[in-house]
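Okay, so here's the structure we're looking at.
The values are calculated or read from the model by the stated rules, or taken from the named source; none is laboratory data. In this text, all values refer to a predicted model and were calculated from it rather than measured experimentally. A quick note on method: Cβ atoms are made from the backbone with ideal geometry, for glycine too, and the neighbour counts reach across all protein chains shown.
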Amino acid sequence: MRKNIYLTIVEQLQTLLDNDNNPIIKHFDLWNENVAFAEEEFFATPAVFVEFDPIIYKAVKDPKQIATVGVKLHIVTQTQINSLEHFDLIDSINHALYNLSGTSFNGMWRTGSHTNHDHGELLESIETYSCSGVDTSAV
């Protein structure tokens, strides 16, 4: 289920293109405190890192389980860009992910936003989403 959510988010966000038809987002990965180590492990920006909240499953019918899945997107840009462009990117991402569905989840919607200004030359915003997931991996 998490793999499907991750891949569907990336696929959807790769459709965001600049005026020259190039992808706006240059790097995708799973979140692993990437911004804290940005000087050691360089990544292209804008970047989107996907973090999953802890998931509590409920058994519905063997072997299917359902869960509400919390997903955080860490959206990272360089501080040299206009701050308003950073917020425009966030708006574009939120629009692209509105009510997103995949083979193992549906109904993605934004539940929160946080802008983190503690990273020197990087600006990080964390957009929080929730969706309903179905896991059949026990099959």
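Listing for the model above:
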item: Filter pass, Leu13 being touching a strand residue (DSSP E or B) at 6+ places or on another chain (Cβ under 9 Å), among the hydrophobic types (A, V, I, L, M, F, W, C), loosely packed, with under 14 Cβ neighbours inside 10 Å and at pLDDT 95 or above; result: no
item: Which numbered condition Met108 misses (of (1) at pLDDT 95 or above; (2) touching a His at 6+ places or on another chain (Cβ under 8 Å)); result: (2)
item: Unmet criterion (only one of (1) surrounded by 14 or more Cβ atoms within 10 Å (Cβ to Cβ); (2) part of a loop (DSSP other than H, G, I, E, B)) for Gln80; result: (1)
item: Residue in segment 103-113 that is farther than 16 Å from Val50 by Cβ and part of a loop (DSSP other than H, G, I, E, B) present; result: yes
item: Residue among Ile93, Ile75, Ile55 that is in contact (Cβ under 8 Å) with a residue 40 or more places away in the chain, among the aliphatic types (A, V, I, L, M) and surrounded by fewer than 16 Cβ atoms within 10 Å (Cβ to Cβ); result: Ile55
item: Tally, over segment 39-89, of residues that are touching a helix residue (DSSP H, G or I) at 6+ places or on another chain (Cβ under 9 Å) and at pLDDT 90 or above; result: 14
item: Condition met for Ser125 (more than 19 Å from Ile24 (Cβ to Cβ) and outside any helix (DSSP H, G or I)); result: no
